[in-house]
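In what follows, a structure is listed as structure tokens, so that the remarks can point back to it.
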Amino acid sequence: MIKIAIYGKGGIGKSTIAANLSAALAADGRRVLQIGCDPKHDSTRLLLAGRTVVTALDYMRQTVPAEQSLNDLLHTGYGGVVCAEAGGPEPGVGCAGRGILSTFALFERLGLNTEDFDVVLYDVLGDVVCGGFAVPLRKGFADAVVVVTSEEFMAIYAANNILKGVHNFDGDGPRLAGILLNSRGIDEDPRPVERFAQAVAAPIIGRIPRSDRFRQAEKTHRTVVAAYPDTPEADLFYDLARRLAQNPVRVPARPLDDGLLEQIVLGGDGSTVIEDAAVSSSAFPIDQDAPAPLDVIAQGGGTAALLSKSMLFREPLHGCAFTGAISMTTQVRGAVTVAHGPRSCSHIALRTILAGGILTRRHGGDIMPRQLAPALVCSDMNEETAVYGGGDRLRQTLKRVLAESPSAVFVVNSCPPGVIGDDLAAIIRDVTGDFPGVPILPITADGNIRGDFMQGVLNACTEGAEALIDPALSPEGDRVNVLAEKNIANNAESNFRMVADLLACLGITVNCRFVRDTTVADLKNFGKARLNLLAYDDHFGRVLRDFFLDRFGSAFAAHPFPVGFFESARWLTDIAAHFGKTGAAEQLIADHRQRYREQMDRLRPHLTGRRLMIVSYIHDVDWILETAFDAGMHVEKVGILDYTQDHLFRTRYEGRFVVQTGYTAEQRDQDLTDIRPDLLLCNYVPGALPITVHADGIPLCPDVGFGGGVALARRWATLLKAPIREGWRDDAPEAA
């Protein structure tokens, strides 16, 4: 038995050659199975007298799995050749390569046994660089590869690319049976093919001349072997069939690089390509506004403003841009997010959002419908839509959602539609005319292809801002916007209330939360605020701030949400100065100063002189240091771990403690052994430490306001009163 894959450039005549080869093999008494692996599904047409048969992919689309049968897909043609066609989507939609994968999986599931045949022949579209079309090259499928080419350079170029694919699968031994020359005409020069074959050390196993008999046979929907069995053309296929069926010698695939290929095939020195490239460069200058390469971005290129930290520094990606985008769009009340992708992707995103909502409810008793019941609808892609394209399914989903008259619809792609290239803009244009009053906004995500969770958050924020904010509005009244809150933090709502209460004491109201628990109207009215407040001055917050400065000229407060007394007093003073409310701020700060002093006086006797070590992902720990220093503690070491959210360590206490960035767990263990602090503070307290030590957690998102540090200091005082080691651990076991 032998399995043969026939590859070659589209339109080179593979299907005609494959059908004639199968007919010749059958005429020689071989049991033959021919599988067409081309969306045109015309590979077996000449074997089936021109009859159109259902393709495997159409069959999967039309027939439920419980009713599928292999007999519906296998069709007997000339000479008893068993024929099957994979099929594929219409040009420009879906993924034909995925279709080939699905076809082979279907055949396997339905029990196709290739061992029942003497020869299995795969007719494969060969000028597409796609893993799906490489399926016949994988282990267990074709064990001999025939590459069809003509004398034309582009056909040979495609043949060379095919050899590159064959080379990638040569690990289990060589499989290239040779090159088959399908001539374009009697006057064509075969020497380019001969030079190419010699250069790649592959035999030319056949030469098919240009003949009118092929055209005449095709008019009657037959092969030359069937229509003209006693002709030289048929004899060529009889001879080729005998040689291929008798376990031919196979050689390694040795593809050429493009420059050498042109030099050998065209017989030149490669200067043509160089000259053409020079002409192209001068005729079409580089777009100065095009995105810079990542190496330039990392050095401060302009497009860095739109990249998450993990993307910017090429770190391992944390989470998925699809989920990140949805975590933002579902915060808009009255809007609906359409997740274009498989149901499982939406489920994962939903679980992430629900987790944030549950934590918020547990922490402060808050119930946010947008987190516990987000307005999220899935287009429910499956294997069929991955092959044929998800456009129809997305259109249907959008029309169903738009019929409910939402205030806006966000469309977010997961990986599969991003991979197959569903055109969101075109699909949205198709449905917009029927629902002119509802904005439909595509958000760049493509699952995790475009980046990590934070990249999805950034894309949703910036693209949503561009689409919804009215740039013509001017500030009015004492209003502020709040930006860059952490929607999945368990204290996001309580932190906002604390900030809103402090602002209310100055007579300032919140105009828009960008983007948390907001509305489309709030977003449109973003420009009515006189000042914008960042919740966090981390990488995300800074990128968002720079975007609004550049795009809308928005004014920002100098500091993010404050934690601890110093930051809160500074924050209020700056905001009050902007709004002309300095007197009210001074009185408010004075009231809190008295309360803070009273609280620290009660804590100081329990904490003074205690030695503290801090290990944190957070790059701004001044609120912890302020509390520790005000309580009389000694800060022995601060280790700053690498973090997906930030990379800029800053402190106003420079010189008062030892700090090390890029900290590791190994360094932490060594420092604990050397320093032996009274108290270790970490974001996550490790389960096993080299010494027994009092340890407490640092929240990744601390509580804001004047008392943010004091609340933790109370925990430290209580913790340090307890024995460093539980007493029961010292109990001796009772004698037996």
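The values are calculated or read from the model by the stated rules, or taken from the named source; none is laboratory data. Values in this document were obtained by computation on a predicted structure and should not be read as measured data. Glycine gets a Cβ as well: all are built from the backbone with ideal geometry, and neighbour counts include every protein chain shown.
Applying the criterion of being within 21 Å of PRO416 (Cα to Cα), among the small types (Gly, Ala, Ser) and crowded, with 24+ Cβ neighbours inside 10 Å to the residues of region 306-350, the residue that is nearest to the chain's Cα centre (by Cα) is ALA321.
Within region 665-705, the set of residues being in contact with a Cys (Cβ under 7 Å, 6 or more places away or on another chain) and surrounded by fewer than 15 Cβ atoms within 10 Å (Cβ to Cβ) comprises GLY697 only. Among the residues of region 53-73, the ones that are touching a helix residue (DSSP H, G or I) at 6+ places or on another chain (Cβ under 6 Å) and under 13 Å from PRO39 (Cα atoms) come to 2 in all. The residues of region 621-635 that are surrounded by fewer than 19 Cβ atoms within 10 Å (Cβ to Cβ) and in a strand (DSSP E or B) amount to a single one, HIS634. When THR52, THR16 are screened for being in the same structural domain as TYR228 (by TED's automatic domain parsing), under 30 Å from GLY390 (Cβ atoms) and not hydrophobic (A, V, I, L, M, F, W, C), only THR52 passes. Taking the listed residues ALA492, ALA504, the one that is out of contact with any His (no Cβ under 9 Å at 6 or more places or on another chain), small (Gly, Ala, Ser) and buried (at least 23 other Cβ atoms within 10 Å of the Cβ) is ALA492, with no other qualifying. Among the residues that make up region 383-404, is at least one of them touching a helix residue (DSSP H, G or I) at 6+ places or on another chain (Cβ under 6 Å), at pLDDT 85 or above and not in a helix (DSSP H, G or I)? The answer is yes; a qualifying residue exists.
The single condition from (1) among the acidic types (Asp, Glu); (2) surrounded by fewer than 21 Cβ atoms within 10 Å (Cβ to Cβ); (3) within 30 Å of GLU315 (Cα to Cα) that ASP522 fails is (3).
Answer yes or no as to whether GLY29 is on the phi > 0 side of the Ramachandran plot, assigned to a helix (DSSP H, G or I) and surrounded by fewer than 23 Cβ atoms within 10 Å (Cβ to Cβ). No: the conditions fail for GLY29.
Every residue, every condition in (1) in the same structural domain as GLY8 (by TED's automatic domain parsing); (2) farther than 30 Å from ASP258 by Cα; (3) buried (at least 23 other Cβ atoms within 10 Å of the Cβ), yes or no:
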position	(1), (2), (3)
LEU101	yes, no, no
PHE104	yes, yes, no
GLU115	yes, yes, no
VAL120	yes, yes, yes
CYS130	yes, no, no
GLU152	no, no, no
ILE162	no, no, yes
ASN168	no, no, no
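Residues in region 604-618 include at least one that is assigned by TED's automatic domain parsing to the domain that holds ARG668, farther than 17 Å from LEU681 by Cα and without any contact (Cβ under 8 Å) to a residue 40 or more places away in the chain. The residues on offer are LEU648, LEU700, LEU680, LEU720, and the sole one that is in contact with a helix residue (DSSP H, G or I) (Cβ under 9 Å, 6 or more places away or on another chain), hydrophobic (A, V, I, L, M, F, W, C) and assigned to a loop (DSSP other than H, G, I, E, B) is LEU648.
Scanning region 179-201 for residues that are among the polar types (S, T, N, Q) and surrounded by fewer than 16 Cβ atoms within 10 Å (Cβ to Cβ) returns a single hit, GLN198.
Only one entry of ALA177, ALA105, ALA199 meets the criterion of being within 30 Å of SER69 (Cβ to Cβ) and not aromatic (Phe, Trp, Tyr), and that entry is ALA105.
The residues in region 405-414 that are touching a strand residue (DSSP E or B) at 6+ places or on another chain (Cβ under 8 Å) and part of a loop (DSSP other than H, G, I, E, B) can be counted, and the count is 3. Every test in (1) closer than 19 Å to ARG213 by Cα; (2) of a type outside the set (S, T, N, Q); (3) in contact (Cβ under 8 Å) with a residue 60 or more places away in the chain; (4) assigned to a loop (DSSP other than H, G, I, E, B) is passed by ILE17 save one, and that test is (4). For region 116-130, a tally of residues being modelled with pLDDT under 75 and over 16 Å from GLY87 (Cα atoms) returns 2.
What residue, among those in region 202-221 that are out of contact with any strand residue (DSSP E or B) (no Cβ under 6 Å at 6 or more places or on another chain) and outside any helix (DSSP H, G or I), is surrounded by the fewest Cβ atoms within 10 Å (Cβ to Cβ)? Within region 202-221, the match that is surrounded by the fewest Cβ atoms within 10 Å (Cβ to Cβ) is THR220.
Comparison of ILE618, ILE614, ILE589 shows that the only residue that is at negative phi, part of a strand (DSSP E or B) and buried (at least 16 other Cβ atoms within 10 Å of the Cβ) is ILE614. Scanning region 84-110 for residues that are outside any helix (DSSP H, G or I) and among the charged types (D, E, K, R) yields GLU85, GLU90.
Regarding LEU523, is this residue outside any strand (DSSP E or B), farther than 30 Å from GLY456 by Cβ, of a type outside the set (Val, Ile, Thr) and at pLDDT 95 or above? Criteria not met by LEU523.
Among the residues of region 636-659, those that are crowded, with 21+ Cβ neighbours inside 10 Å and out of contact with any strand residue (DSSP E or B) (no Cβ under 8 Å at 6 or more places or on another chain) comprise THR644, ASP646. The lone criterion from (1) closer than 25 Å to PHE649 by Cα; (2) of a type in the set (A, V, I, L, M); (3) at pLDDT below 90 left unmet by ALA688 is number (1).
When region 5-32 is filtered for residues that are touching an Asp or Glu at 6+ places or on another chain (Cβ under 8 Å) and under 13 Å from ASP118 (Cα atoms), the ones remaining, listed by number, are LEU25, ARG30, ARG31, VAL32.
Please pick out the residue among VAL82, VAL135, VAL120, VAL93 that is more than 29 Å from ARG222 (Cα to Cα) and among the β-branched types (Val, Ile, Thr).
Criteria check complete, one pass: VAL93.
Only a single item in (1) assigned to a loop (DSSP other than H, G, I, E, B); (2) within 30 Å of VAL543 (Cβ to Cβ) is not met by VAL638, and it is number (1).
Just one of the listed residues (TYR643, TYR663) is in the same structural domain as LEU603 (by TED's automatic domain parsing) and modelled with pLDDT of 95 or more, namely TYR663. The sole residue among VAL377, VAL409 that is at pLDDT 95 or above, β-branched (Val, Ile, Thr) and buried (at least 22 other Cβ atoms within 10 Å of the Cβ) is VAL409. For region 594-604, the criterion of being among the basic types (Lys, Arg) and closer than 23 Å to LEU531 by Cα is met by no residue.
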